[in-house]
Amino acid sequence: QLQLVESGGGLVQAGGSLRLSCAASTSMFSINMMGWFRQAPGKQRELVAVIARGGITNYADSLKGRFTISRDNAKNTVFLQMNSLKPEDTAVYYCRATVSLKEYWGQGTQVTVSS
């Protein structure tokens, strides 16, 4: 059973940066795609960014230029670098892994951006 453990969330002032990490319990080479999603209070979970096994990335249009997804295959870890954070970025951020047609989710990490 694949397990994902997120870390790096916290409280930051507007304009600041955070880097989230998602460590997978299995080799990244067995995972088709990994990504970050977020869910703000009262809203649906939405895509932040995904990265495929070959390294191709995709971002939510509204976040391009501020957020960067990357992966370290040796550490079985995916990162989300978040810059120029805004209060509207406040949400629980979830890591997701896709293996074949099955999805696995982490427990989420809270990101709070104060104005």
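The values are calculated or read from the model by the stated rules, or taken from the named source; none is laboratory data. On a predicted model such as this, the values are computed, not experimentally measured, just so you know. When the accessible area is computed, the model is the full protein with side chains, heavy atoms only, and any ligands, DNA or RNA have been set aside. Shrake-Rupley method; radii C 1.70, N 1.55, O 1.52, S 1.80 Å.
Below are the figures for this structure:
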| item | result |
| --- | --- |
| Rounded accessible area per residue of region 53-111, 1.4 Å, Å² | 53 |
| Solvent-accessible area, 1.4 Å probe, carbon plus sulfur percent, for the chain | 49 |
| Added length on full extension, which subtracts the Cα-Cα distance from 0.36 nm per residue, Ala74 to Leu47 | 7.2 nm |
| Set of lysines near Lys64 by C-alpha distance (under 25 Å), chain-local residues within fewer than 8 positions excluded | Lys43, Lys86 |
| Candidate aspartates and glutamates - alpha carbon under 20 Å from Lys102, same-chain residues fewer than 8 apart omitted | Glu6, Glu46 |
